[in-house]
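To start, the structure itself, in structure tokens.
The values are calculated or read from the model by the stated rules, or taken from the named source; none is laboratory data. None of the values given here were measured: they were computed from a predicted structure. Here the Cβ positions follow ideal geometry from the backbone for every residue, glycine too, while neighbour counts run over all protein chains shown. To get the accessible areas, we keep the full protein, side chains included, count just its heavy atoms, and leave off ligands, DNA and RNA. Shrake-Rupley method; radii C 1.70, N 1.55, O 1.52, S 1.80 Å.
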Amino acid sequence: MNALYILAIFLPLIGALIAGLGNRKLGDRGAQLVTSGGLILAALISCLAFVEVALGHNPRSIELFRWIDSGSFEAAWSLRFDTLSVVMMCVVTIVSACVHVYSIGYMSHDHSKPRFMAYLSLFTFAMLMLVTADNLVQMFFGWEGVGVCSYLLIGFWYDRPSANAAAMKAFVVNRVGDFGFALGIFGVFLLFDTVAFDAIFGAAAQFTDARIHFLGMNMDALEVLCFLLFIGAMGKSAQLGLHTWLPDAMEGPTPVSALIHAATMVTAGVFMVCRLSPIFEYAPNVLAFVTMIGAFTAFFAATVGLTQFDIKRVIAYSTCSQLGYMFFAAGLSAYPAAMFHLTTHAFFKALLFLGAGSVIHAMSDEQDMRKMGGIKSHIKQTYILMWIGSLALAGVGIPGVIGFAGFYSKDMILEVAWGAHSVPGFIAFTFGILAALMTAFYSWRLLFMTFHGAPRADEKVMAHVHESPPIMLWPLYVLAFGAVVSGLALYGPFVGHHFQEFWGSSIVILPDAKGETIIEHAHHVPFLVKASPVVITLLGIWLAYRFYVQKPHLPGETAHAFEGLHKLFYNKWFFDEAYDFLFVRPAHWLARTFWKRGDVGIIDRFGPDGISAMAKRAAEAASRLQTGYVYHYAFAMLIGVVALVAWRIMQQGA
């Protein structure tokens, strides 16, 4: 089995190398078959690993070779297969396989299909390296690998200035978070003298009183390290403050949005916090900070999603909001609940993104919902699948009976927040309920504006509206199946009464004074708490129906009545403008100053430019002596002879 596990990790890399380096011989179809086939096989092996490792309680670690050995610093290249790893492997490979197959149809008119498929597979390999890492350095390798691949994928259409700008923005903003992550890794090695997970986790309890000098202050070592590590998670998972890259990343092809921004890269931060739960549990102040950031992000992103018109941007802000749910669950020590929502979210959010791609494909690449409407009869399958994704996202269901995937996972997080019986938990519950209301509203706003009402596109576009080909619809049905059944199927193992048996040592939750965990508290919240998300969701759906079907004049009147608030939400709370004023413009001014005054005014002036100017003037002066008259040259020779004789006489006299 070890060989199969290793094969599952490296199949995407092999596919990427074959498609990327042999595209001329393979051709478009060959590259698509190699990469898609490799991912489907990797997904099947990942499912086998889930059965053996997670359900069979048989974790293992496979050391491939010794990577770094310098003094006391050692890092092996090992693959860690425990419950947390195999859950992420299944999520990554299943969604990636669906995206690969979908891309065969969606990118059929593109001229660089092998390059695109190679990028997708390379990204998947980097993500698999991240989730199976056995030490922090190896995790950082995968962390940076997905960052580079996201840059390549977001800027895939490099002839578009907007795509180039979005790719650069994603890369730069993530570097801010990655700097904090790198500092955290340095600090962990400084404190523990190792980067291996098992050694760190085993010794974490011994360093609860350790202090570290940081920024001129004597601070709790584990609090500082966890804070720095979480900064990395904030950047990769687009949390409030480092979120600005995520909506702009929609400039990439739609399959990229589904792969990166639904199930894989943006969830890397959540996975990292859960993986490092044995040390985060000893940093309660950082956990409270994680809770607050997650709660504020869930609320903030939902408010922005209410006002956007680009179909992909609405779903992108939805992703940002749902990641907030995952983080405030992790901040409350409910790591299994965070992973539960991460898993279900992967299915329905990838479904929504790929469904949006099907709409864009049908509408001749139109993404503005104001230019859609009245197309549900033209693309019935896509319409039904988008409804399934929206029902799962909103968490529609009947408490104690049945529901879609989000009904189980998102409601579990809200129950955790209530069951925490703490100030951060109450704030998270309040913001989570408000975000649930807005999620239902903007989800059905998207459905009603896109599919219902009178057509708002021109006749030429409407004449070509058509359903997507089967190669694009098959992956949607797979994801829809996950969006329907994953919540019910995974609830028991992930967050049920015996969740600790399922997760084993891959996740650590310290019990309270009564010996109970936050997950156990969540199972005993009042029925009203369990029912409130469903009621709020139904209210949001009804409001969207009221605004966009029954009385379509209400959105405009409401925006006019609350003009200031609408402007705030529509302009994304002016984060981009604030960052432009605080960071971009000063950096641009400083760079221009160094360029014009430093480089050009000093270095070039007195360096290469100055020397070359002097040489030029000397050459011009010398050239003036070349007159072409013989008597000038004879006169110059006479002066030379006189000077030579005079010098000789002076030498003899001396």
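Residues checked against (1) among the aliphatic types (A, V, I, L, M); (2) open to solvent by less than 20 Å² (accessible area, probe 1.4 Å); (3) within 24 Å of Ile360 (Cα to Cα):
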{"site": "Leu48", "(1), (2), (3)": "yes, no, no"}
{"site": "Glu63", "(1), (2), (3)": "no, no, no"}
{"site": "Ser85", "(1), (2), (3)": "no, yes, no"}
{"site": "Thr93", "(1), (2), (3)": "no, yes, no"}
{"site": "Tyr102", "(1), (2), (3)": "no, yes, yes"}
{"site": "Tyr106", "(1), (2), (3)": "no, no, yes"}
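In the set Phe426, Phe451, only one residue is modelled with pLDDT of 90 or more, surrounded by fewer than 24 Cβ atoms within 10 Å (Cβ to Cβ) and under 20 Å from Asp365 (Cβ atoms); that residue is Phe451. Looking at the range 564-587, can you tell me whether even one residue there is over 60 Å from the mean Cα position of the chain (by Cα) and among the basic types (Lys, Arg)? Scanning the range 564-587, I find no residue that is over 60 Å from the mean Cα position of the chain (by Cα) and among the basic types (Lys, Arg), so the answer is no. So, Thr439, is that one out of contact with any Leu (no Cβ under 7 Å at 6 or more places or on another chain) and β-branched (Val, Ile, Thr) or not? When the stated conditions are applied, Thr439 does not pass them. Those helices (runs of 4 or more DSSP H) of the range 575-654 in which at least 1 residues are of a type in the set (D, E, K, R) and farther than 30 Å from Trp245 by Cα, considering only elements entirely within it, cover 608-623, 630-653. Filter the range 363-387 for residues that are farther than 16 Å from Glu467 by Cβ, within 25 Å of the chain's Cα centre (by Cα) and not charged (D, E, K, R) and give the result. Gln367, Met369 - these are the residues of the range 363-387 that are farther than 16 Å from Glu467 by Cβ, within 25 Å of the chain's Cα centre (by Cα) and not charged (D, E, K, R). Annotation note: Cβ proximity below 9 Å between a residue of the range 138-165 that is part of a helix (DSSP H, G or I) and a residue that is surrounded by 20 or more Cβ atoms within 10 Å (Cβ to Cβ) and acidic (Asp, Glu) (sequence gap 6+ or interchain) occurs for Ile154/Asp248; Ile154/Glu251; Ser162/Asp248; Ser162/Glu251; Ala163/Glu251; Asn164/Glu251; Ala165/Asp248; Ala165/Glu251. Of the residues making up the range 24-69, those that are hydroxyl-bearing (Ser, Thr, Tyr) and either over 16 Å from Ala118 (Cα atoms) or in contact with a Gly (Cβ under 6 Å, 6 or more places away or on another chain) (or both) are Thr35, Ser46, Ser61. Scanning the range 568-579 for residues that are loosely packed, with under 13 Cβ neighbours inside 10 Å and farther than 17 Å from Thr297 by Cα yields Glu577, Ala578. Taken together, the residues in the range 207-226 that are of a type in the set (Gly, Ala, Ser), surrounded by fewer than 18 Cβ atoms within 10 Å (Cβ to Cβ) and under 16 Å from Asn285 (Cα atoms) amount to 1.
Within the range 6-46, the set of residues being open to solvent by less than 60 Å² (accessible area, probe 1.4 Å), over 23 Å from Val478 (Cβ atoms) and in a helix (DSSP H, G or I) comprises Ile6, Phe10, Leu13, Gly20, Asn23, Gly27, Gly30.
Summed over the range 35-57, the residues that are aliphatic (A, V, I, L, M) and closer than 14 Å to Ser96 by Cβ give a count of 7. For the range 188-197, a residue qualifies if it is open to solvent by 10 Å² or more (accessible area, probe 1.4 Å), touching a helix residue (DSSP H, G or I) at 6+ places or on another chain (Cβ under 7 Å) and part of a helix (DSSP H, G or I), and the qualifying residues are Leu191, Phe192. Annotation: of all residues in the range 252-285 being open to solvent by less than 10 Å² (accessible area, probe 1.4 Å) and of a type in the set (Phe, Trp, Tyr), the one that is nearest to Gly147 (Cα to Cα) is Phe271.
When you check Gly403 against the structure, is it at pLDDT below 90 and open to solvent by less than 30 Å² (accessible area, probe 1.4 Å), yes or no? Criteria met by Gly403. Scanning the range 368-405 for residues that are farther than 15 Å from Leu352 by Cβ, outside any loop (DSSP other than H, G, I, E, B) and not charged (D, E, K, R) gives Gly397, Ile398, Ile402, Gly403.
Can you tell me which residue is most open to solvent (accessible area, probe 1.4 Å) among those in the range 301-322 that are assigned to a helix (DSSP H, G or I) and of a type in the set (D, E, K, R)? Ranking the qualifying residues of the range 301-322, first place goes to Arg313. Would you be able to say whether some residue in the range 286-300 is surrounded by fewer than 24 Cβ atoms within 10 Å (Cβ to Cβ) and of a type outside the set (A, V, I, L, M, F, W, C)? No, every residue in the range 286-300 fails to be surrounded by fewer than 24 Cβ atoms within 10 Å (Cβ to Cβ) and of a type outside the set (A, V, I, L, M, F, W, C).
Among the residues making up the range 109-144, those that are over 24 Å from Ile200 (Cα atoms) and among the small types (Gly, Ala, Ser) are Ser112, Ala118, Ser121.
Considering only residues that are open to solvent by 50 Å² or more (accessible area, probe 1.4 Å) and small (Gly, Ala, Ser), look in the range 455-490 and name the one that is nearest to the chain's Cα centre (by Cα). The extreme case among them is Ala489.
Just one of the listed residues (Trp444, Trp503) is under 22 Å from Cys274 (Cα atoms), at pLDDT 90 or above and not acidic (Asp, Glu), and it is Trp503. Restricting Val600, Val630 to those that are under 60 Å from the mean Cα position of the chain (by Cα) and free of Cβ contacts under 8 Å to residues at least 60 places away in the same chain reduces the list to Val600. Taken over the range 528-567, the criterion of being touching a residue at least 12 places away in the same chain (Cβ under 8 Å), open to solvent by 50 Å² or more (accessible area, probe 1.4 Å) and under 30 Å from Pro284 (Cβ atoms) is satisfied by Lys530 alone. Looking at Tyr325, Tyr282 in this structure, which one is assigned to a helix (DSSP H, G or I) and either touching a residue at least 60 places away in the same chain (Cβ under 8 Å) or within 30 Å of Gln206 (Cα to Cα) (or both)? None of the other options fit; the residue is Tyr325.
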